[in-house]
Amino acid sequence: MKKLIFWLFYTLARFVALSPYRLLYLLSDFVYLILYYLIRYRRKIVRKNLMHSFPDKNSNEIEIIEKKFYHNLSDIILETIKIMHVSKKSIIERMKITNPEMIHALYQQKKSVFMAIGHNGNWEMLALSLSLTLKHQSIAIYKKISNTYFDQMMKRMRGKWGTLMLFESKTFYRQLAARRTEQNAILILGDQTPAGLETDYWTTFLNQETPFFNGLEKMAKSLNYSVVFLDCQRVKRGYYEVTAVPVCNDSEKTKDTEISSTYVRLLEEAIQKQPDNWLWSHRRWKHKRTTTTL
């Protein structure tokens, strides 16, 4: 059954991937109607997340952001499928890195770097654009998909030009530690939802107490990588601009939680600039902090 579902999807995906962008976005408008009005995909979660994150906005303002988000989500889904049949030139033009010289300077200093992002814009296009633009060896962390067929398809898409290496999340640190002498640029999504343990990094994020993985900080310090935040903003439909913002140059010299707190602040600022550009359908605040008394 898994194989049948995959091949049905893959046949449709090939048609989408071969479509010109004008047709692609007409299809996206149709997908938006299905997600928002017919399936009502996670609408209660999205509305709750938005209301808690922006308590100063009224219901009409929240609804406007909500609908824009679902339009953007539909675009991201089809843009990602389009990667199956897209040129290098198109990826670079549509995902423009505004200041690559900042990361090039780290390369000249023989520094490896963690490039921390959030679920802003199209992170799949971003990974490919960086791999075609930077002098470092580009590496992305990925989580294996349970359906083997879909997992293989996504790995082929992400590695289609051989410029982006993929490290599975469970073995990532071990693989990276073995490459200490190389100059790597690691793309890492820092806003994934952790288990909500006391050992996570907890902070106020979008007006709510929120846990974050502290793996970015631990790995950066252990390997003494530089860290930058990549602010990905949607310029217009199908086009994005990415700005690299320094977090630290020498991780070993940073204070405890300094990297995590700076990342969270920069992510929050990026979301506030363009609220509909973030992935609001995540169950980001499903965990509540519990305090243990002795």
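The values are calculated or read from the model by the stated rules, or taken from the named source; none is laboratory data. Note that this is a predicted model, so its numbers are computed, not measured. Cβ sites come from the backbone with ideal geometry, for glycine too, and all protein chains shown count toward neighbours.
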Report task. Please go through the stretch 178-188 and pick out each residue that is surrounded by 13 or more Cβ atoms within 10 Å (Cβ to Cβ) and either modelled with pLDDT of 90 or more or of a type in the set (A, V, I, L, M) (or both). Result -> Gln183, Asn184, Ala185, Ile186, Leu187, Ile188
Query raised in the report: What pairs can you find where one residue is in the stretch 219-244 and closer than 13 Å to Trp123 by Cα and of a type in the set (Lys, Arg), the other is surrounded by 20 or more Cβ atoms within 10 Å (Cβ to Cβ) and at pLDDT 95 or above, and their Cβ atoms are less than 9 Å apart, with a gap of 6+ or different chains?
Result: Arg234/Asn72; Arg234/Asp75; Arg234/Asn120; Arg234/Gly121; Arg234/Asn122; Arg234/Tyr240; Arg234/Asn277
**Report entry** Subset of the stretch 205-242 (residues that are among the β-branched types (Val, Ile, Thr), touching a Ser or Thr at 6+ places or on another chain (Cβ under 7 Å) and over 28 Å from Lys110 (Cβ atoms))
**Finding:** Thr210
Query raised in the report: Any idea how many residues of the stretch 145-177 are aliphatic (A, V, I, L, M) and loosely packed, with under 13 Cβ neighbours inside 10 Å?
Result: 1
Query raised in the report: Is at least one residue of the stretch 23-38 of a type in the set (Gly, Ala, Ser), crowded, with 17+ Cβ neighbours inside 10 Å, within 24 Å of the chain's Cα centre (by Cα) and outside any helix (DSSP H, G or I)?
Result: no
**Report entry** Members of the stretch 113-123 found to be surrounded by 24 or more Cβ atoms within 10 Å (Cβ to Cβ) and either in a loop (DSSP other than H, G, I, E, B) or small (Gly, Ala, Ser) (or both), listed by number
**Finding:** Ala116, Gly118, Gly121, Asn122
Query raised in the report: Quick one: which of Lys135, Lys110, Lys68, Lys57 is over 15 Å from Thr243 (Cα atoms) and assigned to a helix (DSSP H, G or I)?
Result: Lys68
